[in-house]
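Trainee: My questions will all concern the structure given below.
Just so it is clear, none of the values below were taken in a lab; they were calculated from the coordinates. Nothing here was measured: the structure is a model prediction, and the numbers come from that model. Cβ placement follows ideal geometry from the backbone for every residue including glycine, while neighbour counts extend to all protein chains displayed.
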Amino acid sequence: MNAAIRAATLIGHAAGVEVFGVERGYRGLLEDAITPLPPGEVSGILREGGTILGSARCKEFHQREVRDQARKNLAARGIDGLIVIGGNGSLTGAMHLTAEEERGAQPLAVIGIPASIDNDLALTSMSIGVDTAMNTIVEACDKIADTATAHDRTFLIEVMGRDCGYLAMTSAIAAGADLALFPEAGRTDAAIVDSIVDAVLAARRRARRGRRVLVIKAEGVAIPMDRLKSMVDVRLREREPNADPAAIETRVTVLGHVVRGGRPSAFDRLLGSRLANVGIRALLAGETRKMAAWMPPVDVAAEVGVRSPADPYCWLTDLTAVLAETDRLLKGSSALARWRAAVFNDIDQAMTL
Ligand code: F6P
């Protein structure tokens, strides 16, 4: 996100507008934590993870009076354009904040920049943070694989992603894992346990260095890791009664918030910079209630967006359409959701061979 803050600030200043930073997202807007952002403050932030402005959940923002206060704080400083960097909740807040029926005659435009490691925003193929998170998971899996290979062990690794299996599946492919468990598959706990046990037993028939098993589970798969471990261990003992229990017992690693931090990858720095470049230029050109999107599915995007003149790989997609399509993505009913589920399934079958 720092790459996006930096690019928007530098380009804004170059265009001759005054740029402010809002601390901790909507909470800062509400509490008037809004301060000038000079170019010098952002020049060195590109390689820092997270966001120099901070972030916070702000449930009160659902209330109209709270948004009125936020609009008042912006008006008091003469701020009439916002770049909102965030996921589904942040972009929904941006729509309410700039709705004509709420803001009346107050000039207030907004451009959204997609940022969420979960990659659960529709109409953009990537959001800021996904690539760094994926790299972190793959690096962790490579490290875990050393122990797993040396001891012929099975590791169950849980990764973040909220209700979306994208991170689990893509990082499983990139890490060469044996199995990915993702909520979109809709499997029962028993089927999940069986799929892991099948993978372990298949691996035990391989040559020595191929016996390790890595299973990547998305946090959106509801079964808790300790329960999954004990169910798998019990089932393994049933299916391999003659094996030394210690030799087939599984190990668990929950990567948790590790996945959300760290130095951003080169791709994420570039993505943040390019999306913010498109976003701030669109804002300055008078656009509003749009999201800067990275290579969205072209057929859908053509209906709800325009290619940005500032970058051939970016589109300005209508925010209402983004949020509606994101809702369908999360419910599993959009074309992308169906495609992901089908592809994940195909890959899943190939992985367990
Ligand atoms: O949406 C991003 C995300 O990191 C999810 O993957 C995860 O479920 C959630 O946020 C964690 O939120 P918190 O830091 O508030 O526990």
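Trainee: Based solely on its DSSP helices, what 222 nm [θ] is calculated for the chain when runs of n ≥ 4 H residues each add -39,500 (n - 2.57) and the sum is averaged over all residues, nearest 500 deg cm²/dmol?
Mentor: That comes out to -15000 deg cm²/dmol.
Trainee: Let me ask something else about it. Lys and Arg at +1, Asp and Glu at -1: add these up for the other residues within a Cβ distance under 14 Å of HIS96 and post the number.
Mentor: Numbers: positive: LYS59, ARG64, ARG67, ARG71, ARG103, ARG289; negative: GLU60, GLU65, ASP68, GLU100, GLU101, GLU102.
Spelling it out: positives minus negatives among the neighbours equals 0.
Trainee: Right, another one. For ALA115, enumerate residues with amide H under 5 Å from its amide H, sequence gap 5+ or separate chain, H modeled in the peptide plane.
Mentor: Result for ALA115 returns GLY86, GLY87, ILE128.
Trainee: Just flag the trypsin sites (Lys or Arg not before Pro) in the range 3-52 sitting in loop per DSSP whose Cβ has no more than 12 other Cβ atoms within 10 Å.
Mentor: Loop-located and lightly packed - ARG47.
Trainee: Could I ask something else about it? Using a Gaussian network model on the chain with a 10 Å cutoff between Cα atoms, which of ASN277, ASN73, ASN242 fluctuates the most?
Mentor: Result for the chain, Cα springs under 10 Å: ASN242 fluctuates most.
Trainee: Quick one: net charge around GLY112, please, counting Lys, Arg +1 and Asp, Glu -1 for every other residue with C-beta under 12 Å from its C-beta.
Mentor: Local net charge: 0.
Trainee: Next question. Near VAL197, within a Cβ-to-Cβ distance under 13 Å, what is the net charge of the other residues, with Lys and Arg +1 and Asp and Glu -1?
Mentor: -3
Trainee: Tell me, PHE182, PHE20, PHE344 in order of fewest to most beta-carbon neighbours within 10 Å? If you can, show how the numbers build up before the last one.
Mentor: On the way: PHE182 26, PHE20 15, PHE344 21.
Ordered from fewest to most neighbouring Cβ atoms within 10 Å, PHE182, PHE20, PHE344 come out as PHE20, PHE344, PHE182.
Trainee: For the range 132-261, what relative contact order do you get, as a whole percent, if you take Cα pairs closer than 8 Å and at least 6 residues apart?
Mentor: Here the relative contact order equals 38 percent.
Trainee: Expressed in nm to one decimal, what extension gain is obtained for the pair ARG237 and ALA190 from 0.36 nm per residue of sequence separation less their Cα-Cα distance?
Mentor: Value of the extension gain: 15.4 nm.
Trainee: Express the relative contact order of the chain as a whole percentage, based on alpha carbon pairs under 8 Å and six or more residues apart in sequence.
Mentor: Relative CO of the chain lands at 22 percent.
Trainee: Here is a further query. Once you mark the GluC sites (Glu not before Pro) that are in a DSSP loop and have at most 16 other Cβ atoms within 10 Å, what is the longest gap between them in the chain?
Mentor: 49-248
Trainee: Treat the count of other C-beta atoms within 10 Å as a stand-in for reagent exposure and order VAL234, VAL221 from fewest to most.
Mentor: On the way: VAL234 12, VAL221 24.
Starting with the residue having the fewest Cβ neighbours, the order is VAL234, VAL221.
Trainee: Moving on. For the chain, modelled as a GNM with alpha-carbon contacts under 10 angstrom, which of CYS58, CYS141, CYS164 fluctuates the most?
Mentor: CYS58
Trainee: Shifting gears a bit: Which whole-angstrom value gives the distance between the alpha carbon centres of the range 46-78 and the range 283-314?
Mentor: One Cα centre to the other: 24 Å.
Trainee: Using Cβ contacts closer than 10 Å as the measure, can you line up ASP120, ASP189, ASP152 from fewest to most? Write out the running numbers ahead of the final one.
Mentor: Numbers: ASP120 23, ASP189 13, ASP152 18.
So the ranking, lowest neighbour count to highest, is ASP189, ASP152, ASP120.
Trainee: Under a point spin-label approximation (7 Å from Cα along Cα-to-Cβ), what is the ILE52-ARG307 distance to one decimal in nm?
Mentor: 3.4 nm
Trainee: For the range 268-274, in order, what is each residue's ³J(HN,Hα) by Karplus, 6.51 cos²θ - 1.76 cosθ + 1.60 with θ = phi - 60°, in whole Hz (x at glycine and Pro)?
Mentor: 5, 4, 5, 4, x, 5, 6
Trainee: Between 0 and 90 degrees, rounded to the nearest ten: what's the tilt of helix 64-76 against the longest Cα principal axis of the chain?
Mentor: With both axes taken from Cα atoms, the answer is about 50 degrees.
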